[in-house]
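Contents: one structure, followed by commentary.
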Amino acid sequence: MSHPRPLALVTGASAGIGYELALQLAERGWDLVINAEDDARLEQAAQQIRAAGAQVQVVQADLRDYDQTEHLVAQVQAAGKPLDVAVLNAGVGRGGAFVDIDLADELEVIDLNVRSTVHLAKRVVRDMAARDEGRILITSSIASTMPGSFQAVYNASKSFLQSFVQALQNELQDTGITLTSLMPGPTETDFFHRADMGDTKIGQQDKDDPAQVARQGLDALFAGKNKVVAGSAKTKAQELANKALPDKAKAAAHRRMAEPGSAGDD
């Protein structure tokens, strides 16, 4: 008799790191509930993930909205088996000067990156606590380690997530629940295009492979590690440097990479 495949949830799974996380979980023997806002791309991703042998339930929902987030929770609960892994990966960025970006755009970053992650974590952690088991991977960023000049709200949102994960790790240290923070650097995804950062130095530079980032993230998750700086050696070196540099220097360095028009600078 074959053993039933355990269940994992991945948000932001239609492309990029989220898609790779879902695909690699399928390849490791997991069934999936996958979520994103874009229904067409999500269904296409689901077809590719099913080819790896997984049962995949698609839940299109905009997690910036409370009711749609609750809809995702209800669909996970209706899957008929416990949720063993939750990958809270959905996120969005917005580049540009704080004085120029519309308030609505900034609040969307907070609603998706911060509010929806806390919302889902509340539902998931309580369910896992009742069973005293489960694994949670939350996508933070090395951006959490530096002030984000010209990405002020995005970097702050990732700093929130980093602090949030570390606090929960301490609260849950005597339980069967583990939390891991995935901290990628600049990765080859739609992120910089969607963030309107195509004319920035960071938007134009070579970026890490999302498949590599996902693999390192899942390896850390199943090893029970608190965090992983995922991607290339350059990304790992950047995180180490950020531990030593003062905040003022990190803010100046971020400005050189993220200021609009910086792609044309020497």
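The values are calculated or read from the model by the stated rules, or taken from the named source; none is laboratory data. Since this is a predicted model, take the numbers as computed values, not measurements. Every residue, glycine among them, receives a Cβ derived from its backbone with ideal geometry; neighbour counts consider all protein chains shown. Heads up: the accessible areas ignore ligands, DNA and RNA and are worked out on the full protein's heavy atoms, side chains in. Shrake-Rupley method; radii C 1.70, N 1.55, O 1.52, S 1.80 Å.
Residues checked against (1) under 30 Å from Arg215 (Cβ atoms); (2) among the β-branched types (Val, Ile, Thr):
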position	(1), (2)
Val228	yes, yes
Lys234	yes, no
Asp247	no, no
Gly261	no, no
Among the numbered conditions (1) touching a Ser or Thr at 6+ places or on another chain (Cβ under 9 Å); (2) modelled with pLDDT of 95 or more; (3) surrounded by 14 or more Cβ atoms within 10 Å (Cβ to Cβ), tell me where Ala211 comes up short. (1)
Would you tally the residues in segment 185-208 being open to solvent by 10 Å² or more (accessible area, probe 1.4 Å) and in a strand (DSSP E or B)? 1
Within segment 31-66, of all residues that are within 19 Å of the chain's Cα centre (by Cα) and part of a loop (DSSP other than H, G, I, E, B), the one modelled with the lowest pLDDT is Asp38
Does Arg115 fit the bill of being part of a loop (DSSP other than H, G, I, E, B), open to solvent by 20 Å² or more (accessible area, probe 1.4 Å) and within 30 Å of Thr200 (Cβ to Cβ)? no
What is the one condition in (1) surrounded by fewer than 21 Cβ atoms within 10 Å (Cβ to Cβ); (2) under 17 Å from Pro186 (Cα atoms); (3) without any contact (Cβ under 8 Å) to a residue 60 or more places away in the chain that Val228 does not satisfy? (1)
Inspect segment 146-164 for any residue being on the phi > 0 side of the Ramachandran plot and within 17 Å of the chain's Cα centre (by Cα) and give the result as yes or no. no
Quick one: what pairs do we get from segment 194-207, first residue under 16 Å from Lys234 (Cα atoms), second of a type in the set (Val, Ile, Thr) and surrounded by 15 or more Cβ atoms within 10 Å (Cβ to Cβ), C-beta under 6 Å, 6+ apart or different chains? Lys207/Thr187
Tell me whether segment 182-205 contains one or more residues that are more than 30 Å from Gly134 (Cα to Cα) and in contact with a strand residue (DSSP E or B) (Cβ under 6 Å, 6 or more places away or on another chain). no
Among the residues of segment 223-266 satisfying the criterion of being under 23 Å from the mean Cα position of the chain (by Cα) and among the hydroxyl-bearing types (Ser, Thr, Tyr), which is nearest to Ser140 (Cα to Cα)? Thr235
Quick one: in segment 147-168, of everything that is within 20 Å of Asp102 (Cα to Cα) and among the small types (Gly, Ala, Ser), which residue is surrounded by the most Cβ atoms within 10 Å (Cβ to Cβ)? Ser157
Against the conditions (1) in contact with a Gly (Cβ under 9 Å, 6 or more places away or on another chain); (2) outside any strand (DSSP E or B); (3) aliphatic (A, V, I, L, M), where does Leu240 fall short? Just the number, please. (1)
Could you check, for segment 46-55, whether at least one of its residues is farther than 14 Å from Val10 by Cα and in contact with a Phe, Trp or Tyr (Cβ under 9 Å, 6 or more places away or on another chain)? yes
Positions within segment 15-47 being open to solvent by less than 30 Å² (accessible area, probe 1.4 Å), touching a strand residue (DSSP E or B) at 6+ places or on another chain (Cβ under 8 Å) and farther than 21 Å from Asn113 by Cα, in sequence order: Leu25, Ala26, Asp31, Leu32, Ala45, Ala46
